[in-house]
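The values are calculated or read from the model by the stated rules, or taken from the named source; none is laboratory data. Just so it is clear, the structure is predicted and the values come from calculations on it, not from any experiment. Here Cβ is always computed from backbone atoms with ideal geometry, including for glycine, and neighbour counts include all displayed protein chains.
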Amino acid sequence: MGRGVAGFVVLWTVMMAAMMLPSVSPVVSLYAHTIREGSTGWTRAARSTGLVTGYLTAWAAFGLIGYAAAWGGGRLAAHSPGAAPWAGAVALAAAGLYQLSPLKDRCLSHCRSPLGFLIRFGGYSGRLRDLRVGLYHGAYCVGCCWGLMVVLIVVGVMNVAWMAGLAAAVFVEKIWRHGKGFRIAVGVALIVFACFVPAHPGLVPGLHDMGMATGGSM
């Protein structure tokens, strides 16, 4: 993308805000409700902002890993264009397998049950308590959704259609009462999709297009 690590992380964080905040809004709303007693509107807004800031900080930290993955994918596409589709297929299959894993299920259960989470950490004190709560919840959300974000890197970080589709998938699996079955269906779909990638490199433009552009400039 022609960006350094700082520019990439900033852009990544903005994208995560657009993609993830719809699914985390019930937690923010519930958190604001728990601090409503004896608090002014400004205080509630400030504390909710602290929660969101902590949440996005967790995703910004993951953005460093995303940058390393995008950089590595770009190098691979430039120097070994034949291997890049296979690497993309492996990444997609890994993301699909993670969708089926017990760890994904555990993280998703946490994200789908924010009340217990808020009760546990409602006793935090100090000026940074809301930031800490947001960081903790964000870490679980990263644990829940990192595989889907790897998919975004493979298909192209600025691919708006995939961004919208993955954001919808995150929202549905967290909010819908059949979210567990939905996450399994998404996992199977990613594994099937990965099987077609080696024969059709254009399915992973995040690697294929970068390799062509770099090869053309050499």
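So the check is Cβ under 6 Å with 6+ separation or different chains; which pairs have a first residue in the stretch 4-33 that's in contact (Cβ under 8 Å) with a residue 40 or more places away in the chain and of a type outside the set (Lys, Arg) and a second one that's surrounded by fewer than 19 Cβ atoms within 10 Å (Cβ to Cβ) and not in a helix (DSSP H, G or I)? Filtered contacts from the stretch 4-33: no entries.
Quick grid of which residues meet (1) among the acidic types (Asp, Glu); (2) modelled with pLDDT under 90; (3) closer than 26 Å to Val52 by Cβ:
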{"residue": "Cys111", "(1), (2), (3)": "no, yes, yes"}
{"residue": "Leu115", "(1), (2), (3)": "no, yes, yes"}
{"residue": "Tyr124", "(1), (2), (3)": "no, yes, yes"}
{"residue": "Arg127", "(1), (2), (3)": "no, yes, yes"}
{"residue": "His137", "(1), (2), (3)": "no, yes, yes"}
{"residue": "Tyr140", "(1), (2), (3)": "no, yes, yes"}
{"residue": "Leu152", "(1), (2), (3)": "no, yes, yes"}
{"residue": "Ile184", "(1), (2), (3)": "no, no, no"}
{"residue": "Gly206", "(1), (2), (3)": "no, yes, no"}
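Scanning the stretch 163-176 for residues that are farther than 19 Å from Arg112 by Cβ, in contact (Cβ under 8 Å) with a residue 40 or more places away in the chain and not in a loop (DSSP other than H, G, I, E, B) turns up at least one hit. Val160 fulfils the conditions (1) hydrophobic (A, V, I, L, M, F, W, C); (2) at pLDDT below 90; (3) surrounded by fewer than 22 Cβ atoms within 10 Å (Cβ to Cβ); (4) under 16 Å from Tyr55 (Cα atoms) except for a single criterion, (4). Among the listed residues Leu97, Leu51, Leu76, Leu56, identify the single one that is in contact (Cβ under 8 Å) with a residue 60 or more places away in the chain and within 23 Å of Val188 (Cβ to Cβ). Sole residue among the options that is in contact (Cβ under 8 Å) with a residue 60 or more places away in the chain and within 23 Å of Val188 (Cβ to Cβ): Leu97.
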